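One structure, pasted below without further comment.
The values are calculated or read from the model by the stated rules, or taken from the named source; none is laboratory data. Quantities reported herein were computed from a predicted structural model and do not represent experimental measurements. Positions of Cβ are generated from backbone atoms using ideal geometry, with glycine treated the same way; all protein chains shown enter the neighbour counts.
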Amino acid sequence: MSRLVTAASALLLGATATAANAWYGAPYAPAPMTPEQHQAFAAQQQAFAERRAQAIEQAMEAQRRFMEQQAGAFAMPQQPPAFPERPAMPAFGAPPELPAMPAMPEIPGIADLPEPPAFGQRPTPPAYGQRHEMPAPAVDIETRRQALETYRTKMREAMEARRAAIEAMMSVYPQRAPLPATAPEQDTAAAAAAD
């Protein structure tokens with residue numbers, strides 16, 4: 001009985017596979033185009049070729065205009081620059097002719113320098129053990145301390161207000177609540193011990 005069922009199953013599977021292959025595996029042969037479709041396709045290709053040729057022509061024109069604008073920068077001079085004249089060769093054993101030295105710059109005279117201060121105008125150093133008098137600070141230290149304390153108080157109040165707003169938001173959105181205190185490894189270890 002089981003051989004008969006196996007043979008029938010194999011025969012049915014083979015027939016199903018052959019039918020599916022004939023239906024879905026057949027080569028695709030597109031339907032021939034109608035004359036109207038052929039004309040529309042040809043017109044589309046012609047329009048594409050015209051647009052492409054026009055774009056190439058515009059690009060070449062833009063490149064030509066750019067090169068005309070830059071022609072002055074790349075133009076070679078008509079005449080090469082003239083080289084300086086070479087000095088005449090000295091006679092055998094004679095020293096060569098040296099070029100003229102440039103003029104030396106003028107050194108400022110004593111009159112141009114600032115006049116040093118007179119002897120009595122210099123500041124006198126303080127005596128041993130004596131200190132300079134420090135100028136009074138522009139802002140009183142106590143006033144500055146009070147201003148800093150006021151600023152700290154304002155910042156602390158703003159921080160507490162933000163903290164209260166976040167805690168209120170956490171109660172509205174329970175999925176953002178803090179995680180439980182136990183780690184996941186401890187929970188799995190406890191579950192394994194209970195099993």
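Kindly establish whether residue 131 is out of contact with any Lys or Arg (no Cβ under 9 Å at 6 or more places or on another chain), loosely packed, with under 10 Cβ neighbours inside 10 Å and either at pLDDT 70 or above or assigned to a helix (DSSP H, G or I) (or both). Explain how you work it out, then say what you get.
Working: out of contact with any Lys or Arg (no Cβ under 9 Å at 6 or more places or on another chain): yes; loosely packed, with under 10 Cβ neighbours inside 10 Å: yes; either at pLDDT 70 or above or assigned to a helix (DSSP H, G or I) (or both): yes.
Considered against the rule, which asks whether it is out of contact with any Lys or Arg (no Cβ under 9 Å at 6 or more places or on another chain), loosely packed, with under 10 Cβ neighbours inside 10 Å and either at pLDDT 70 or above or assigned to a helix (DSSP H, G or I) (or both), residue 131 comes out as yes.
Do you know which residues across the stretch 7-50 are surrounded by fewer than 10 Cβ atoms within 10 Å (Cβ to Cβ) and of a type in the set (D, E, K, R)?
36
Here is a list: 193, 164, 189, 158. Which entry is surrounded by 10 or more Cβ atoms within 10 Å (Cβ to Cβ), at pLDDT below 70 and either outside any loop (DSSP other than H, G, I, E, B) or among the polar types (S, T, N, Q) (or both)?
The conditions single out 189.
Take the stretch 18-55 and flag every residue that is assigned to a loop (DSSP other than H, G, I, E, B) and modelled with pLDDT of 85 or more. Talk me through it step by step, then tell me what you get.
Start the filter on the stretch 18-55 by keeping residues that are assigned to a loop (DSSP other than H, G, I, E, B), which leaves 25-34.
Hit for the stretch 18-55 is 34, nothing else.
Additional query: Give the number of residues within the stretch 167-181 that are at pLDDT 70 or above and not in a helix (DSSP H, G or I). Outline the logic, then answer.
Within the stretch 167-181, the subset at pLDDT 70 or above is 167-172.
Those still in the list that are not in a helix (DSSP H, G or I) too: none.
Total satisfying the criteria: 0.
With the requirement that a residue be at pLDDT below 75 and either surrounded by 10 or more Cβ atoms within 10 Å (Cβ to Cβ) or among the charged types (D, E, K, R) (or both), what does the stretch 70-94 give you?
Selection gives 87 alone.
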